[in-house]
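> I'd like to ask some things about the structure below.
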Amino acid sequence: MSFINVQTIPSPEEFISAIPMSEELKAVKAKRDEELKNIFEGKDDRFVVIVGPCSASDEDAVIDYTYRLAKINDKVKDKLFIIPRIYTNKPRTTGDGYKGMLHQPDPTKGPNILAGIEALRKMHIRSISETHLTAADEMLYPENYAFVHDILSYIAIGARSVENQQHRLVSSGIDFPVGMKNPTSGDLSVMLNAVHAAQSSHTFLYRNEEVSTHGNPLTHTILRGYVNKHGQSLPNYHYEDLELLADMYYKRNLMNPFVVVDVNHNNSGKIYSEQPRIVKEVLHSRSMNSTLNSLVRGVMIESFIVEGNQKPDGGVYGKSITDACIGWDTTEDLLLYMADHV
């Protein structure tokens, strides 16, 4: 084999023991998880907002951002359930470029996965400690979930991963919400097949053990737009798209039907400034149709302190080094608008 062993990575148990959650923070997470479960089970009608930078590359800026979210949360928590995006794995379409804090704790230096796992655990725990908001991350690598299972309250499965069987199987063993995005092709049946698989029980090989799961009833769908055969971005958040998904969803008889709309990526044509307009259209669609009102229960927004993006060595505090994001002032206005219109 052509694999070269770079360094030995301690087990997840060793990492969790070395960088633990305090009992106080475990209680914070347990409360948040129960509230979120109630939302997905229809016992709480708050609207879910997963919001934050495309990738979490700078701990201080991420904590600054989540602290701002926490202050807004105090004003809107009766209407919105805010989940900070603290994404530490970045999928790359071609494999080139910055792959997230897991790979590069310092984006201007080379890969160091051992240091990356340590850095991301410390960042997530610091965020919970200072804001009492537990976060979302993308499960880009299923085997790495074991390093963060105790600190997250939400997981997204990306468009390139949703057809992968291991992602589906591992999701079936997670006990908090997992969102399955539609694939880049836009095929909604693929996304719904992933939800079905993750809601079912399985026996499979995970890391170095044979494991069994009971299924995750909180697995749900995320619409993120798609790409046609010409490479053009096309949206799937319009009223007719939501009606189509509702019809397909309910025919499947899946547990806890729930749709989150990702308002960036191909839904915005990667024009980040379109996100507030798309959120408002989604809220309008819900207001016009009782079925959509009960099904479309959240949005996902890419946002940071400074709007736009920059190169990894750009040096602008609070500005994305991957996908472009809306800035803080726009985000604050949008959250307050949503609280008034859900």
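> Starting from residues that are aromatic (F, W, Y) and either without any contact (Cβ under 8 Å) to a residue 60 or more places away in the chain or part of a strand (DSSP E or B) (or both), keep the ones in region 2-49 and report whichever is surrounded by the fewest Cβ atoms within 10 Å (Cβ to Cβ).
F3
> Is it the case that region 263-273 has a residue that's in contact with an Asp or Glu (Cβ under 7 Å, 6 or more places away or on another chain), in contact (Cβ under 8 Å) with a residue 12 or more places away in the chain, under 19 Å from L188 (Cα atoms) and not charged (D, E, K, R)?
yes
> Go through region 251-306 and give me each residue that's among the aliphatic types (A, V, I, L, M) and either farther than 20 Å from H341 by Cα or assigned to a helix (DSSP H, G or I) (or both).
Those that are among the aliphatic types (A, V, I, L, M) and either farther than 20 Å from H341 by Cα or assigned to a helix (DSSP H, G or I) (or both): L254, M255, I271, I278, V279, V282, L283, M288, L292, L295, I305, V306.
> Something else now. Just checking, which of L114, L80, L69 is of a type in the set (A, V, I, L, M), at pLDDT 95 or above and closer than 21 Å to V6 by Cβ?
L114
> Still on this structure, please answer the following. Yes or no: region 50-69 includes at least one residue that is part of a loop (DSSP other than H, G, I, E, B) and either in contact with a Cys (Cβ under 7 Å, 6 or more places away or on another chain) or over 27 Å from Q275 (Cβ atoms) (or both).
Scanning region 50-69 turns up at least one residue that is part of a loop (DSSP other than H, G, I, E, B) and either in contact with a Cys (Cβ under 7 Å, 6 or more places away or on another chain) or over 27 Å from Q275 (Cβ atoms) (or both).
> Further question: Provide a single number: the residues in region 298-320 that are surrounded by 23 or more Cβ atoms within 10 Å (Cβ to Cβ), of a type outside the set (G, A, S) and touching an Asp or Glu at 6+ places or on another chain (Cβ under 9 Å).
Residues in region 298-320 being surrounded by 23 or more Cβ atoms within 10 Å (Cβ to Cβ), of a type outside the set (G, A, S) and touching an Asp or Glu at 6+ places or on another chain (Cβ under 9 Å): 4 in total.
> I'm trying to understand the selection: among the residues of region 307-342, which are aromatic (F, W, Y) and not in a helix (DSSP H, G or I)?
Once the filter is applied, which keeps residues that are aromatic (F, W, Y) and not in a helix (DSSP H, G or I), region 307-342 yields only Y317.
> Answer with yes or no whether V260 is touching a residue at least 24 places away in the same chain (Cβ under 8 Å), surrounded by 14 or more Cβ atoms within 10 Å (Cβ to Cβ), closer than 26 Å to E281 by Cα and in contact with a Lys or Arg (Cβ under 8 Å, 6 or more places away or on another chain).
When the stated conditions are applied, V260 passes them.
> Considering only region 150-180, state which residues are basic (K, R) and within 16 Å of L254 (Cα to Cα).
Scanning region 150-180 gives a single hit, R168.
> Here's another thing I want to ask about it. Would you point out the residue of region 321-337, among those that are closer than 25 Å to K75 by Cβ and in contact with a strand residue (DSSP E or B) (Cβ under 6 Å, 6 or more places away or on another chain), that is surrounded by the most Cβ atoms within 10 Å (Cβ to Cβ)?
Ranking the qualifying residues of region 321-337, first place goes to C325.
The values are calculated or read from the model by the stated rules, or taken from the named source; none is laboratory data. None of these values were measured; they are calculated from a predicted model. Cβ: placed from backbone, ideal geometry, glycine included. Neighbour counts: every protein chain shown.
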